[in-house]
Each structure stands twice: as structure tokens, then as C-alpha cells.
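S.K.: First, the structure itself, so that you have it in front of you.
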Amino acid sequence: MFVDQGLGVGDFKYIFLAEGDSWMERSAVLQGSLPDFFGYYMDSLHDPVLIINLAMFGDELRRIGTVQRKEFKYWLRQFKYDAVLFSAGGNDYIDAAKNPDPGKGILHSYVGGGAPTDAKSCINWAAVGELRTEYLTKCFKAIYDMVQQSQNKGIPILVNSYEVPVARNAPAVKEAWLYNAYVKNNIPPVLWPEVTKEIFGSISEELLSWTDKRPSVSLVPTRGVLTPAVPGSTGNSGDWVNEIHPNRDGWEKLAPIWKKAFDKARGLPV
């Protein structure tokens, strides 16, 4: 939510700091975003919220935890927040599948021939392990430590669990992500659903590790909530506006879950 002219911080019941990728994107006008619909939902409950939104479409945790740390640290000093809304890690996985040359990222390549026997064998698990230990775990720790070293020490950090998408040629602006990665590495379409489940299962493991010995960090339980897109569709389908982003119906389903997670983090009955 944006501050209308004439309103001050005191006019809002809660103040949140949002950081991360396109699920938190502040300028995703056409597809919407979680903060938009979370704000609308809170307003409908007469709990007006101010969301300071630092998220950027396409941002990776590797960037948020390194290059963008100064901005995050700056805004931590500006207000005493009620929670941090955080969504990151998904782009790191997807970029590691899509951007490198075939066989150079977290997916094995079958461009030169050969056929995978199952979904697990399509994934370079050593590369996944390196992505997690050398980048994601360390970068989230940097973000967490900044919160604990600020005036906002101990506030809830609510982490997006994402949802398992359907790999399909349904791009946002220019490209489809998983679809392009699978085609590029010549992974048989029959294996795409299971490969996607394996990738997002690994993402879940990484996100869950962030909560270890960090009582203020919690995952928002949104897996299995959205209606999947129809395989082979190329546009808005189910609760998805494109391959990896919910549509407005999807956001409306997710917003109350984030509210419950916020209440639970504060020790309220849900």
C-alpha cells in the first residue's frame, strides 16, 4: 500500500518491510503481487497497513544478500516494523537452471543424446548443494543478522514458501523460465512435472533451514493452495497469470494465509 497525500505513519495500524523478488514486486501492476492483495485484505479487516517495499522483479537472494544490503539496512533504521515480508531463493534456482549453457547449471543436459530414467537424474545435485551452501544459506544469514542488529531485533520474518508451478510456455514479458530451461537441456516433457517438484522440494528444504534456531523466522504455509495451470496452456490458467506468478484469484487466496501467519508469529490464536 502507498501512503496517500496527507497520511502519516501514525494513520496505519501496522508497518511492514517487504523485500525480495516478483512475488513481492512493488511495480507488478499487470499481474499484481502479494503486498498489493495482502494490503487490500488487511484494509478489509480495518487493519490499515503501510508496506515499505524494496522488492524487485527478477531479484536473486544472492543480490539481495550482497549488493542490495545497503538499501535493506537503510530502511531497517527508518521505522520500527511489525514484520518483514520476505520472498527470495526461487529466482536463484530458476536462473541456475535457465541461464547457464546446457549442462552447466543445476540441470543435466541431454542435447547430445541419451535419455534420463527419472526426474531425480535430471538434476545436478552437487550444483544444487553448492548453490545452497555457498550462496543462499549465507545470504539469508546476512539478511537475518541485519534485522537482529537493528532496532527491529526479534520481529517476525515471514518467508514465502512459493507454490509448485507447471512448466509451460507462458512467459511474463519475454520469457518462460522452467519451460526454457527444460527445452534448452532437452529434458523429456513427460518428466517436467516431476523435475519441477524436485526443484521446488529442494527450495522448500533450503527455506526450512532458515528457521533453524531462528524463532522469529517462519514459513508461510502456501503449498497446495493454488489451482494449477493446465499443462500446455500459454497464458492465464488456473490461479496463474503466467508460468511462475499467481493471478489475481491466486493472490486473493494467499493473502489470508499471510495474515494468519502474521497472527501466529505474534502468538495470537489462528
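S.K.: Within region 82-100, is there a residue that is surrounded by 14 or more Cβ atoms within 10 Å (Cβ to Cβ), modelled with pLDDT under 90 and either touching an Asp or Glu at 6+ places or on another chain (Cβ under 9 Å) or not small (G, A, S) (or both)?
M.R.: Step one: list which residues in region 82-100 are surrounded by 14 or more Cβ atoms within 10 Å (Cβ to Cβ), which gives 82-98, 100.
Then drop every residue that is not modelled with pLDDT under 90, which leaves 100.
Filter again for either touching an Asp or Glu at 6+ places or on another chain (Cβ under 9 Å) or not small (G, A, S) (or both), leaving 100.
Scanning region 82-100, I find at least one residue that is surrounded by 14 or more Cβ atoms within 10 Å (Cβ to Cβ), modelled with pLDDT under 90 and either touching an Asp or Glu at 6+ places or on another chain (Cβ under 9 Å) or not small (G, A, S) (or both), so the answer is yes.
S.K.: Just the residues that are surrounded by 14 or more Cβ atoms within 10 Å (Cβ to Cβ) and over 16 Å from D82 (Cβ atoms), please, taken from region 257-270.
M.R.: I257
S.K.: Let me ask you something else. Yes or no: region 38-52 includes at least one residue that is modelled with pLDDT of 90 or more, among the hydroxyl-bearing types (S, T, Y) and surrounded by 14 or more Cβ atoms within 10 Å (Cβ to Cβ). Even if it seems obvious, please write down each step before you answer.
M.R.: From region 38-52, those modelled with pLDDT of 90 or more are 38-52; that's our starting set.
Subset that is among the hydroxyl-bearing types (S, T, Y): 40-41, 44.
Applying the additional criterion that residues be surrounded by 14 or more Cβ atoms within 10 Å (Cβ to Cβ) yields 40-41.
Yes.
S.K.: Something else about it: Out of contact with any Lys or Arg (no Cβ under 7 Å at 6 or more places or on another chain) and farther than 24 Å from L208 by Cβ - does that describe any residue in region 124-137?
M.R.: Within region 124-137, none of the residues are out of contact with any Lys or Arg (no Cβ under 7 Å at 6 or more places or on another chain) and farther than 24 Å from L208 by Cβ.
S.K.: Tally time: how many residues in region 240-270 are over 16 Å from the mean Cα position of the chain (by Cα) and in a loop (DSSP other than H, G, I, E, B)?
M.R.: 5
S.K.: Then there is this: What is the number of the single condition among (1) out of contact with any Phe, Trp or Tyr (no Cβ under 6 Å at 6 or more places or on another chain); (2) in a helix (DSSP H, G or I); (3) over 30 Å from Y14 (Cα atoms) that L208 does not meet?
M.R.: Against the list (1) out of contact with any Phe, Trp or Tyr (no Cβ under 6 Å at 6 or more places or on another chain); (2) in a helix (DSSP H, G or I); (3) over 30 Å from Y14 (Cα atoms), L208 comes up short only on (3).
S.K.: For N185, are the conditions met, namely being in contact with a strand residue (DSSP E or B) (Cβ under 7 Å, 6 or more places away or on another chain), surrounded by 15 or more Cβ atoms within 10 Å (Cβ to Cβ) and under 20 Å from A97 (Cβ atoms)?
M.R.: yes
S.K.: When you go through N160, N124, N152 one by one, which is the residue that is open to solvent by less than 10 Å² (accessible area, probe 1.4 Å), of a type outside the set (V, I, T) and farther than 30 Å from N247 by Cβ?
M.R.: None of the other options fit; the residue is N152.
S.K.: State the number of residues belonging to region 200-213 that are surrounded by fewer than 15 Cβ atoms within 10 Å (Cβ to Cβ) and more than 19 Å from V164 (Cα to Cα). Step through it out loud before you land on a result.
M.R.: If we filter region 200-213 for residues that are surrounded by fewer than 15 Cβ atoms within 10 Å (Cβ to Cβ), which is where we start, we get 201, 205, 208-209, 211-213.
Subset that is more than 19 Å from V164 (Cα to Cα): 211-213.
Residues in region 200-213 being surrounded by fewer than 15 Cβ atoms within 10 Å (Cβ to Cβ) and more than 19 Å from V164 (Cα to Cα): 3 in total.
S.K.: Collect the residues in region 10-31 that are at pLDDT 80 or above, more than 19 Å from D263 (Cα to Cα) and not charged (D, E, K, R), keeping them in residue-number order.
M.R.: Of everything in region 10-31, those that are at pLDDT 80 or above, more than 19 Å from D263 (Cα to Cα) and not charged (D, E, K, R) turn out to be G20, S22, W23, M24.
S.K.: If P193 satisfies every condition in (1) open to solvent by less than 40 Å² (accessible area, probe 1.4 Å); (2) not in a loop (DSSP other than H, G, I, E, B) but one, which is the exception?
M.R.: (1)
S.K.: Against the conditions (1) within 17 Å of L136 (Cβ to Cβ); (2) surrounded by fewer than 21 Cβ atoms within 10 Å (Cβ to Cβ), where does D59 fall short? Just the number, please.
M.R.: (2)
S.K.: For region 131-149, give me each residue that is aromatic (F, W, Y) and open to solvent by 10 Å² or more (accessible area, probe 1.4 Å). Walk me through how you get there before you give the answer.
M.R.: Step one: filter region 131-149 for residues aromatic (F, W, Y), giving 135, 140, 144.
Selection gives Y135, Y144.
S.K.: Oh, and also: When you scan region 172-182, how many residues do you find that are open to solvent by 10 Å² or more (accessible area, probe 1.4 Å) and over 17 Å from the mean Cα position of the chain (by Cα)?
M.R.: 5
S.K.: Here is a follow-up. Kindly provide the set of residues from region 192-250 that are of a type in the set (F, W, Y) and either under 26 Å from A265 (Cβ atoms) or in contact (Cβ under 8 Å) with a residue 60 or more places away in the chain (or both), ordered by number.
M.R.: F200, W210, W240
S.K.: Right, another one. With G201, G235 as the choices, which residue is at pLDDT below 95 and either under 15 Å from the mean Cα position of the chain (by Cα) or under 19 Å from W251 (Cβ atoms) (or both)? Spell out the reasoning first.
M.R.: Numbers: G201 fails: at pLDDT below 95.
Testing whether each residue is at pLDDT below 95 and either under 15 Å from the mean Cα position of the chain (by Cα) or under 19 Å from W251 (Cβ atoms) (or both) leaves just G235.
The values are calculated or read from the model by the stated rules, or taken from the named source; none is laboratory data. Fair warning: this is a prediction, and the values are worked out from it, not measured in the lab. Counting neighbours? That spans all protein chains shown, and the Cβs are built from the backbone with ideal geometry, glycine included. Each accessible area value is taken on the protein alone, full model and side chains, heavy atoms only, with ligands, DNA and RNA left out. Shrake-Rupley method; radii C 1.70, N 1.55, O 1.52, S 1.80 Å.
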